Amino acid sequence: MMKLRQRWVFGVVLLVPFLWITVVFWATQHGRNVRISQGGGDNLVLPKRSGNTSVDSSSQSEDHEDTSDEEREVMRKKGLPYDSTLFFASRKRSRIPYKKVENRNKFEALFRDFPSYNSVPKLKSSDYLIRDREPEKHRKVWQRFHRAINRYEMYSYNNTELFNNYLNYLGTTPILRARAKSGGTQVKLFLVFADGGEALVKPWRVPRDYETVPDHYYFADIERHNAEISAFHLDRILDFRRVPPNAGRIFNLSRDIYDRADSSLSREFYRSPANNLCFMTDCDQHCDIAETPVCGNPDQIEGSVAAFLPPETSAKRSSWTHPFKRSYSKRTRTEWEKDPSYCKRVVMKQHPFNSGRRLLDLIDLAIFDFFAGNLDRHSYNTFQLFGNFSAILHLDHGRGFGKYKTDCMSCLVPLTQCCIIRKSTYERLLILQKNEYKLGDVMRESLSTDLIAPVLYEPHYDALNRRLDIIIKHVNKCLNTADSPEDVLKAEPRIEDYHESDFLKSTSKDEEFDF
């Protein structure tokens, strides 16, 4: 009798979990409400998925059912109120108010008064990434962006159509499908829009005024959606034109993401004990931050929406190890961190840095990362089609704009060790140092048109001005010690003067690189 009872209990113990898993799986596949019990809380219900794969822009624009029409209009146009935790951390300290942007006089004056010093030569058909004869008027906005990419730039100087149309497209176009981006260190989503365009989303994680914890290593820092947006605007102001367009967007997680998610992503959604809609995705490395769920308020959340580059099938990219890559270790330092002569002794003797544009591109990237405070620069990308005479793509800036009180001097090491800079870059920096074109003011005005403005916490604009002075100071130091200005201020390399045979002139051994 005792054995029979034990067998019955054992059978029940096995059967209950099996039935629960079956019910949850069936409910997930059929778009039914799924109840998930949170420890110490009530059973909370996910929103019912529509089960309709067509895009209804009117239903997507609706907000949480408890939100008033007036509040919905505010969130649609301006994002959440400034006193929201999106903008300020919940701490007992004085807040620095955001400056209201009345006009964009300095921003407009910068692009009106000065042409691009980073000029592009007359383009040949071989300089374009994508070549076809489809009439321009028949192309969608994202297709026009793809077809404008060339070996020198992603978009032309002061391209108003791109900024007026494409950024609005990224921030408002109805979403057809959503899925999680596998791998990486933090949460990212792939979106497919109703017209076939694609984008990469990084969701809101921390308030605007949150600073990176001083004892955190760069590889464990959180990624900020507003850093991605700010990087695009900064890149444009500096006249590099190497960051894909990126815009802010306010999502309703229920209708914009959950209803559009594939089965793998939809299973990751749940209601938190605070009744906020949350989700998680997989992570490969440095996962402490990534294992923190992304949660709405209750369903509303901000995110950055980055334009997709053309697919690898038509525009293959090469990934290169950065010669000034960090160790990504808590206990070791790389050679460039220990040897001030590393650039001139090793890097400047090695192909492709000993000829062409590559080293100057890396100096531009170092300046760009110094402005943003982005230490997470382990590699860089180029388009294979253009060989080694190709502009570097400025990608992945989520760990930037994390500090405004301190400056990342190690980010500037490529400039301080190599002591060279594009003449056009230096001239642009001198313009942005003038009061009538002040970098911080121009940046604030540029970001003011984004759908989730204010994008940056106010002290970041002062930090940009401070860092600009530091860069110019170091360039002037190089000029003071050089035999001639031309040794420091480099003219734009010409493709006619570049030959891949320069590889043979490399006098440095590969093992000298501490990559």
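When segment 482-502 is examined, which residues are found to be hydroxyl-bearing (Ser, Thr, Tyr) and free of Cβ contacts under 8 Å to residues at least 40 places away in the same chain?
484, 501
Looking at (1) under 30 Å from residue 368 (Cα atoms); (2) assigned to a loop (DSSP other than H, G, I, E, B), which is the one condition that is false for residue 273?
Single failed check for residue 273: (1).
Are there any pairs, at least 6 apart or on different chains, whose C-beta atoms fall under 8 Å, with the first in segment 373-392 and assigned to a helix (DSSP H, G or I) and the second small (Gly, Ala, Ser) and modelled with pLDDT under 95, and if so, which?
Filtered contacts from segment 373-392: 384/318; 385/315.
State whether the residues of segment 95-106 include one that is of a type in the set (A, V, I, L, M, F, W, C), at pLDDT 95 or above and farther than 21 Å from residue 244 by Cα.
Looking for residues that are of a type in the set (A, V, I, L, M, F, W, C), at pLDDT 95 or above and farther than 21 Å from residue 244 by Cα, one finds none in segment 95-106, hence no.
How many residues does segment 418-427 contain that are touching an Asp or Glu at 6+ places or on another chain (Cβ under 7 Å) and crowded, with 21+ Cβ neighbours inside 10 Å?
Final tally of qualifying residues: 2.
Are any residues in segment 331-371 buried (at least 17 other Cβ atoms within 10 Å of the Cβ), of a type in the set (Gly, Ala, Ser) and not in a helix (DSSP H, G or I), and if so, which ones?
Correct list: 355, 356.
Could you check residue 398 against (1) in contact with a strand residue (DSSP E or B) (Cβ under 9 Å, 6 or more places away or on another chain); (2) modelled with pLDDT of 95 or more and say which number it fails?
For residue 398, the exception is condition (2).
Using beta carbons and a limit of 6 Å, which pairs, at least six apart or on different chains, have the first residue in segment 251-271 and over 19 Å from residue 205 (Cβ atoms) and the second one buried (at least 23 other Cβ atoms within 10 Å of the Cβ) and acidic (Asp, Glu)?
Correct list of pairs: 254/299.
Could you list all residues from segment 163-179 that are buried (at least 20 other Cβ atoms within 10 Å of the Cβ) and of a type in the set (A, V, I, L, M)?
167, 170, 175, 178
From 246, 226, which residue is touching a helix residue (DSSP H, G or I) at 6+ places or on another chain (Cβ under 8 Å), modelled with pLDDT of 95 or more and among the polar types (S, T, N, Q)?
From the options 246, 226, the qualifying one is 246.
Considering only residues that are within 17 Å of residue 395 (Cβ to Cβ) and surrounded by fewer than 16 Cβ atoms within 10 Å (Cβ to Cβ), which ones fall in segment 296-316?
Correct list: 311, 312, 315, 316.
In segment 474-496, what count of residues is obtained for those that are part of a helix (DSSP H, G or I) and more than 22 Å from residue 118 (Cβ to Cβ)?
Residues in segment 474-496 being part of a helix (DSSP H, G or I) and more than 22 Å from residue 118 (Cβ to Cβ): 3 in total.
Name the single residue, out of those in segment 430-439 being under 14 Å from residue 117 (Cβ atoms) and crowded, with 20+ Cβ neighbours inside 10 Å, that is nearest to the chain's Cα centre (by Cα).
Looking at the filtered set, the residue picked out is 432.
Residue under question is residue 452, and the condition is that it be in contact with an Asp or Glu (Cβ under 7 Å, 6 or more places away or on another chain) and at pLDDT 95 or above; does it hold?
Considered against the rule, which asks whether it is in contact with an Asp or Glu (Cβ under 7 Å, 6 or more places away or on another chain) and at pLDDT 95 or above, residue 452 comes out as yes.
For residues that are at pLDDT 90 or above and touching a helix residue (DSSP H, G or I) at 6+ places or on another chain (Cβ under 8 Å), tally how many sit in segment 279-306.
Summing the residues that are at pLDDT 90 or above and touching a helix residue (DSSP H, G or I) at 6+ places or on another chain (Cβ under 8 Å) in segment 279-306 gives 10.
The values are calculated or read from the model by the stated rules, or taken from the named source; none is laboratory data. The structure displayed is predicted, hence computed values, not measured ones. Ideal geometry is used to build each Cβ from the backbone, glycine not excepted, and the neighbour counts take in all protein chains shown.
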